[in-house]
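For reference, the structure discussed in these notes is given below.
The values are calculated or read from the model by the stated rules, or taken from the named source; none is laboratory data. Since the model is a prediction, treat every value here as computed from it, not as a measurement. A quick note on method: Cβ atoms are made from the backbone with ideal geometry, for glycine too, and the neighbour counts reach across all protein chains shown. Ligands, DNA and RNA are excluded from the accessible area calculation, which covers all protein heavy atoms including side chains. Shrake-Rupley method; radii C 1.70, N 1.55, O 1.52, S 1.80 Å.
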Amino acid sequence: MQANHLKTVRNDVQALLQQAQDLFAEAAAATGKTADDLRAKGQEVLDQALNTAQDAQSAVMQAGRQIVTTTDDYVQSNPWRAIAISSSIGLLVGLAVGRCADRG
């Protein structure tokens, strides 16, 4: 679910940036009041893209903090199980790296 949300945010930001680029290209060809209006609108679109990206960053940071808190609580309440799990993962990674090194 989080990955879909981030993909949507990325697509929204890309669309906003493309819209801003189009406005600035049009403003470069225009003169006078029209150019100023187009530049102002382009700046608004860029600001909106920045705000969207910052909101996504905040959501990811909050999710990360929640994961860290949950993991810390689990390790504090189950220290031996956490040691066994981390040792098993380390063993599996070591075996996988060893196999790759033997093939290379």
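Against the definition (among the hydrophobic types (A, V, I, L, M, F, W, C) and in contact (Cβ under 8 Å) with a residue 24 or more places away in the chain), how does Ala84 come out, yes or no? Please lay out each step first, then the result.
Working: among the hydrophobic types (A, V, I, L, M, F, W, C): yes; in contact (Cβ under 8 Å) with a residue 24 or more places away in the chain: no.
Spelling it out, it is not the case that Ala84 is among the hydrophobic types (A, V, I, L, M, F, W, C) and in contact (Cβ under 8 Å) with a residue 24 or more places away in the chain.
When residues of the range 11-43 are filtered for being without any contact (Cβ under 8 Å) to a residue 24 or more places away in the chain and either of a type in the set (S, T, N, Q) or closer than 29 Å to Ala63 by Cα (or both), how many remain? Give the derivation first.
Here is the first cut: in the range 11-43, the residues without any contact (Cβ under 8 Å) to a residue 24 or more places away in the chain are 11, 14-15, 18, 21-43.
From the residues that got through so far, the ones that are either of a type in the set (S, T, N, Q) or closer than 29 Å to Ala63 by Cα (or both) too are 11, 14-15, 18, 21, 31, 34, 43.
Total meeting the criteria: 8.
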Inset, instruction - Only residues in the range 57-69 that are touching a residue at least 24 places away in the same chain (Cβ under 8 Å) count as the first member; pair them with residues that are open to solvent by 60 Å² or more (accessible area, probe 1.4 Å) and part of a helix (DSSP H, G or I), Cβ under 7 angstrom, at least 6 apart or cross-chain, and list the lot. - result: Ala63/Gln2
